[in-house]
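Take a look at the structure below.
The values are calculated or read from the model by the stated rules, or taken from the named source; none is laboratory data. All figures in this text were calculated on a predicted structure; none of them were measured in a lab. Here the Cβ positions follow ideal geometry from the backbone for every residue, glycine too, while neighbour counts run over all protein chains shown.
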Amino acid sequence: MRFRKLLVLVAVLAAATTVLATAAGVAAPKQKTKSVTLVWWHNANQGAGLALWNAVAKEFHAKHPNVTVKPVAFQNEVLQNTRIPIALQSNNPPDVFQNWGGGSLVDQVKAGKVEDLTPYVKSWIKSLGGSVAGWQVNGKQYAIPYSVGVVGFWYNKDLFKQAGVTSTPKTWPQFMAAIAKLKQAGITPIAVGGRDRWPDAFYWDYLATKVCSKATMQQSAVSYNFSDPCWLKAGQLVDQLLKAQPFQAGFLATPAQQGATSSAGLLANGKAAMELQGHWNPGVMQPLTADNTIPSFLGWFPFPNVPGGKAAPNSLLGGGDGFSCSWKAPEPECAQFLQYISSLSVQRRIGSTNFGLPVAKGSESSVKDPNLKSVLAARSSSPFIQLYLDIAFSRAIGQELDNATADQFAGKATPAQVVSRIAAAAKKK
Amino acid sequence: MAAPRRSRVAPFSNAPVYAIAIALSAVVIVPIVYVALGGFRTNGQLANDPVGLPHPWIGHNYVNVLTSSGFWRQVGNSVIIAAIATLLVVTVSSLAAYPLSRFQFRGREAMYTFFTFGLLFPIAVAALPLYLLLRQLHLDESWLGVALPEAAFGIPITIIILRPFMRNVPGDLEDAAAIDGCTSFGFFWRVLLPLSRPALTTVIILSVITSWNNFIVPLLVLTEPNHWTLPLGAANYSTEHSADTAGVLAFTTLSIIPALVFFLFAERRIVGGLSGAVKG
Amino acid sequence: MASSPEALTAGRAIERPAVGRVVRKWLRIAGYIAPAATLYVVFIIVPVVQAVHYSFYNWSGLGPLSEYIGLGNYREAFGDPAFRQAMEHNGILVALSLGLQLPLSLGVALMLNRPLKGRSVLRLIFFTPYILSEAITAIVFLQILQPGGLLDAFLKAIGLGSLVHLWLADLSLVFYTLFVVITWKYIGFAIILFLAGLQGIPPELHEAAAIDGATSWKQLRYITIPMLGPTIRIWAFLSIIGSIQLFDLVWIMTLGGPAGSSSTMATYMVDQGINSLRVGYATTVAVILFGICFVFSTLYQIFVLRRDVSGSSSRMAG
């Protein structure tokens, strides 16, 4: 399972389009003699994901003997922050590369670095449902998602019971009450990986998603206008949370995923009751436990709704992974390869190995893990899924969002300052 | 270079000195020993008691690393790259240090200053243009693509160390060499280089260590795991196996050893080499 | 290589056309310097000049360089409190290095210069951290400094449990914690350097002083330290440059955080520039960093190092 630290994007999962999945198999190879190589950069550098992608490369070559796929796995941050930006600037980019959508994709499109896939994928793209919208720019398809998840609270059922929290909180006041009860019972309510900053931003993102209307969220990601008072309100709710001191000691220096003392490790080892994280968290937690198993006490509940918020109830925050073809990639071979990744055969394996939450219609049943099933159910029934804001925004603005919220967590920025810093970063753009 | 005798130091004053020396070296060495011991524990032991001794001792973390082909391939890549980079930087820098130290010509100091500029610029900045350049030269994914920039970045400090040393070689030797019919290159090759051996050893050691530990250049140039150097492997290992703290500690310990062994053999010489450089 | 020392050729040189001799001299110099100069220019100067060029643009690293903004990036950097904070940290680091690392490393070097048994083992021990890569050092100390880690356990064991702190999470403490790690990592280099310098001091000086009745303290003050002057000045130069450019260790351990409380100019550059895909801005910060190093090193060469370098004994005029 690949651990995405900075995740990815998503977007609107349109409410049920009921178009039947068109053939998810691969179109017959064109009778072309030219042989091509697809260099494929992805972030699954271990475990089930690595094995799956290596198999997929071989299978595709078997089906298309003239196409050789050369997968290259990178550590996620190295790929996202260093390799892809630099390679896209050179004259020799990879043909297929990981894409998280959002503001970075918009920048890549503006610079002419990614191939417009619309003509190649028209015939089958509907099999992926509404999630593909997050990888469109101006109505054109520039990347194809293979996994989309949502953020929510992973929690320890035993500790909840011990503190007398009998049902998972549905609303913000219930959530704050649960924190108070856990504290009274001498339990650290929440673990957070403050060192990495993006886990802090999840709280701000999520509260904004709950208190701002869908229209405000969508329009702000384009215009970078943050004058709506709901943005300030989100920061004030973060302050309210911080005042309750729900986090572990030293949370500002805690990494999110590395080692048993990371925030994921604290939850996995019963040292904290909750963590707000993405769908990948069980995979992160498993090896951090002494016996290398996903703890049986683990449960999942969606982020509570905020009374008085303008968002439709059950609006969620999430993101996903996809692949793009660079402007140098051979077509239609590259698009055919993406089609193969979107096929039911591959999508089902993504689900059954817990590598991700597949997007192709008909692949949902491949997800067997009960917690991931609840994540998938929340994803399917949500009226609106906001892409992680640091991905949705252009890169520089997203980074400032992470930094400003991390400063707020450290007591170095007020809610008003967070908003004004993000707006200021947007002006430089 | 043997240390001069200091018979005037009264023996009794050594007791507190030993105490201080042992205390300070404990501060230096305990972190490393702690990590090495951590490699002999399980993750469960580490999680339950971050501080304890291995109980029982577990060898498989080390065995796993030592039996993985990746580790040895990375050691090999690191050795080859360090060798090429060191050979390059020492060759070109000693050639350049010769006229910069012993010739009289206009612009000599300006040239020297120009070379020392390289110390002042952080490598991370030039990363993007450097990477594009290497791709244009088709040097990406090659040992040379890593060794050439590493050698280039080593030139300033190498010249700075070699120049005063070469300058201090007495001029009489040069005159004598000339009388024996030595050319300028002959003097450089047969007299100056052998006499500069302590300084050369020093720059070789520094160059090997710098190349061995370099992270950003191989990160840019080498994408294929088969081509990786040890630091890339270590960084990747510690993120890929971020959960496997004990394994990371074992890997860390083992990747220290080659540099330590190399230094053990070279250590005696470095002190002599540096003293030439810093006396000016 | 048809050259021989001027002392001998002076007589014959008159017969040769002067121009040819001059050309030959420059060709020879060029021949020696060219390989180093080529490598240096191609792999350092050219990329660096390109980087400077980027600093005048608002550029994400993608697409053409089109949005020229003159000194806009520079104005932004100097106006950003986060950058000023980072500069301040670099300044504190320079002061701490000179004020604490210098006496400490000098003391250890003096100690190791005595005829101690096991001296070479001690020397190896003190130099070991310098051989370790920054990445490995960071892994080691993240383990030790984590809450409940080795340091906390040690403090509790010796009854100083009240001193236990959140070493890397406390905003007012984290920078000093890092300074200790930096000292651990780099002090070996200073010690080796000073040992080398100490061995260059003729023992006769001390013997004569001892005969004249000078105390050890006086010998230290009036013989050892002045004789070590050039070594100390070189170390100070390298240490200050290193403090200004400090990056790897801080980045791997704290990412410059929490809330910028352990940032340096270089971590700021990566944070606000490279990771934000603002390549133009990143190179601006790098150019400022270079400028500071350049001004400092020029002043240092003029006022401090000059006297160490003068008095060369070049004979081969070519």
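One residue alone among A:N314, A:N281, A:N371 is within 14 Å of chain B (Cβ to nearest Cβ) and not aliphatic (A, V, I, L, M), and that residue is A:N281.
In segment A:231-250, how many are in a helix (DSSP H, G or I) and at pLDDT below 95?
Going through segment A:231-250 one residue at a time, the tally reaches 0.
Of these, A:D402, A:D390, A:D369, which one is surrounded by fewer than 20 Cβ atoms within 10 Å (Cβ to Cβ) and under 30 Å from A:G130 (Cβ atoms)?
So the residue among A:D402, A:D390, A:D369 that is surrounded by fewer than 20 Cβ atoms within 10 Å (Cβ to Cβ) and under 30 Å from A:G130 (Cβ atoms) is A:D369.
Residues that are free of Cβ contacts under 8 Å to residues at least 60 places away in the same chain and under 30 Å from C:T284 (Cβ atoms) number at least 2 in the following helices (runs of 4 or more DSSP H) confined to segment B:34-140: B:108-116, B:127-136. Inside segment B:49-101, residues that are small (G, A, S), within 12 Å of chain C (Cβ to nearest Cβ) and surrounded by fewer than 15 Cβ atoms within 10 Å (Cβ to Cβ) make up a count of 1. Total residues in segment B:225-246 satisfying the condition of being surrounded by fewer than 21 Cβ atoms within 10 Å (Cβ to Cβ) and either among the aromatic types (F, W, Y) or more than 7 Å from every other protein chain (Cβ to nearest Cβ) (or both): the figure is 4. Being over 30 Å from B:V208 (Cβ atoms) and under 25 Å from the mean Cα position of the chain (by Cα) is a property that holds for C:L168.
Close contacts from segment A:407-429, counting a first residue that is closer than 23 Å to C:S60 by Cβ and more than 8 Å from chain C (Cβ to nearest Cβ) and a second that is among the β-branched types (V, I, T) and part of a helix (DSSP H, G or I), with Cβ to Cβ under 6 Å and a gap of 6+ residues or different chains, come to A:A425/A:I397; A:A426/A:I397.
If a residue has to be of a type in the set (K, R) and touching a strand residue (DSSP E or B) at 6+ places or on another chain (Cβ under 6 Å) to count, how many in segment A:122-180 make the cut? Within segment A:122-180, residues that are of a type in the set (K, R) and touching a strand residue (DSSP E or B) at 6+ places or on another chain (Cβ under 6 Å) number 1.
Checked against (1) surrounded by fewer than 22 Cβ atoms within 10 Å (Cβ to Cβ); (2) modelled with pLDDT of 90 or more, A:L357 passes all but a single condition, namely (1).
Picking from residues in segment B:171-201 that are under 18 Å from B:S101 (Cα atoms) and of a type in the set (V, I, T), the one that is farthest from the chain's Cα centre (by Cα) is B:T183.
Results for (1) at pLDDT 90 or above; (2) within 13 Å of chain B (Cβ to nearest Cβ), shown as yes or no for each residue.
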| residue | (1), (2) |
| --- | --- |
| C:G161 | no, no |
| C:W167 | yes, no |
| C:D170 | yes, no |
| C:V180 | yes, yes |
| C:I187 | yes, yes |
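Taking (1) out of contact with any strand residue (DSSP E or B) (no Cβ under 7 Å at 6 or more places or on another chain); (2) at pLDDT below 90 in turn, C:G280 satisfies each apart from (1). Of the residues C:V174, C:V164, the single one that is in contact with a helix residue (DSSP H, G or I) (Cβ under 7 Å, 6 or more places away or on another chain) and buried (at least 22 other Cβ atoms within 10 Å of the Cβ) is C:V174. Of the residues making up segment A:299-320, those that are crowded, with 20+ Cβ neighbours inside 10 Å and among the aromatic types (F, W, Y) are A:W300, A:F303. Against the definition (closer than 18 Å to B:V35 by Cα, within 14 Å of chain A (Cβ to nearest Cβ) and modelled with pLDDT of 85 or more), how does B:L249 come out, yes or no? Yes. Can A:Q286 be described as outside any helix (DSSP H, G or I) and either surrounded by 20 or more Cβ atoms within 10 Å (Cβ to Cβ) or within 14 Å of another protein chain (Cβ to nearest Cβ) (or both)? When the stated conditions are applied, A:Q286 does not pass them. Of the listed requirements (1) away from chain A (no Cβ under 14 Å); (2) at pLDDT 95 or above, C:A86 misses just one: (1). Taking the criterion of being crowded, with 19+ Cβ neighbours inside 10 Å and part of a helix (DSSP H, G or I), the residues of segment A:75-85 that qualify are A:N76, A:L79, A:Q80, A:T82, A:R83, A:I84, A:P85.
Inspect all residues belonging to segment C:264-281 and state whether any of them is of a type outside the set (F, W, Y), touching a residue at least 60 places away in the same chain (Cβ under 8 Å) and touching a Cys at 6+ places or on another chain (Cβ under 7 Å). For segment C:264-281, residues of a type outside the set (F, W, Y), touching a residue at least 60 places away in the same chain (Cβ under 8 Å) and touching a Cys at 6+ places or on another chain (Cβ under 7 Å): absent. Is at least one residue of segment A:41-55 modelled with pLDDT under 85 and either in contact with a Gly (Cβ under 9 Å, 6 or more places away or on another chain) or under 17 Å from A:P330 (Cβ atoms) (or both)? Yes - at least one qualifying residue is present in segment A:41-55.
Those helices (runs of 4 or more DSSP H) of segment C:87-162 in which 3 or more residues are in contact (Cβ under 8 Å) with a residue 60 or more places away in the chain and out of contact with any Gly (no Cβ under 8 Å at 6 or more places or on another chain) occupy C:102-112, C:134-145.
Counting only helices (runs of 4 or more DSSP H) that fall entirely inside segment C:197-277 and contain at least 3 residues that are closer than 30 Å to C:A77 by Cβ, the qualifying elements are C:225-245, C:248-254, C:265-268.
Here is the figure for segment A:62-74: residues that are surrounded by fewer than 21 Cβ atoms within 10 Å (Cβ to Cβ), touching a residue at least 24 places away in the same chain (Cβ under 8 Å) and either in a helix (DSSP H, G or I) or within 13 Å of chain B (Cβ to nearest Cβ) (or both) total 4. Based on this model, can you work out whether A:N292 counts as under 28 Å from B:P50 (Cα atoms), out of contact with any Leu (no Cβ under 9 Å at 6 or more places or on another chain) and either without any contact (Cβ under 8 Å) to a residue 60 or more places away in the chain or buried (at least 20 other Cβ atoms within 10 Å of the Cβ) (or both)? For A:N292, the condition - under 28 Å from B:P50 (Cα atoms), out of contact with any Leu (no Cβ under 9 Å at 6 or more places or on another chain) and either without any contact (Cβ under 8 Å) to a residue 60 or more places away in the chain or buried (at least 20 other Cβ atoms within 10 Å of the Cβ) (or both) - is met.
Conditions tested, residue by residue: (1) under 20 Å from C:V279 (Cα atoms); (2) of a type outside the set (F, W, Y); (3) buried (at least 18 other Cβ atoms within 10 Å of the Cβ).
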site	(1), (2), (3)
C:G20	no, yes, no
C:R24	no, yes, no
C:P64	yes, yes, no
C:Y68	yes, no, no
C:F83	yes, no, yes
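Do we find a residue being closer than 25 Å to B:N226 by Cα, of a type in the set (A, V, I, L, M, F, W, C), surrounded by 20 or more Cβ atoms within 10 Å (Cβ to Cβ) and within 8 Å of chain C (Cβ to nearest Cβ) anywhere in segment B:109-121? Taking every residue of segment B:109-121 in turn, none turns out to be closer than 25 Å to B:N226 by Cα, of a type in the set (A, V, I, L, M, F, W, C), surrounded by 20 or more Cβ atoms within 10 Å (Cβ to Cβ) and within 8 Å of chain C (Cβ to nearest Cβ). The set of residues in segment B:31-45 that are surrounded by 14 or more Cβ atoms within 10 Å (Cβ to Cβ) and away from chain A (no Cβ under 14 Å) comprises B:P31, B:I32, B:Y34, B:A36, B:L37, B:G39, B:F40.
Against the test of being within 16 Å of the chain's Cα centre (by Cα), in contact (Cβ under 8 Å) with a residue 40 or more places away in the chain and not in a helix (DSSP H, G or I), the options A:D321, A:D402, A:D390 yield a single qualifying residue, A:D321.
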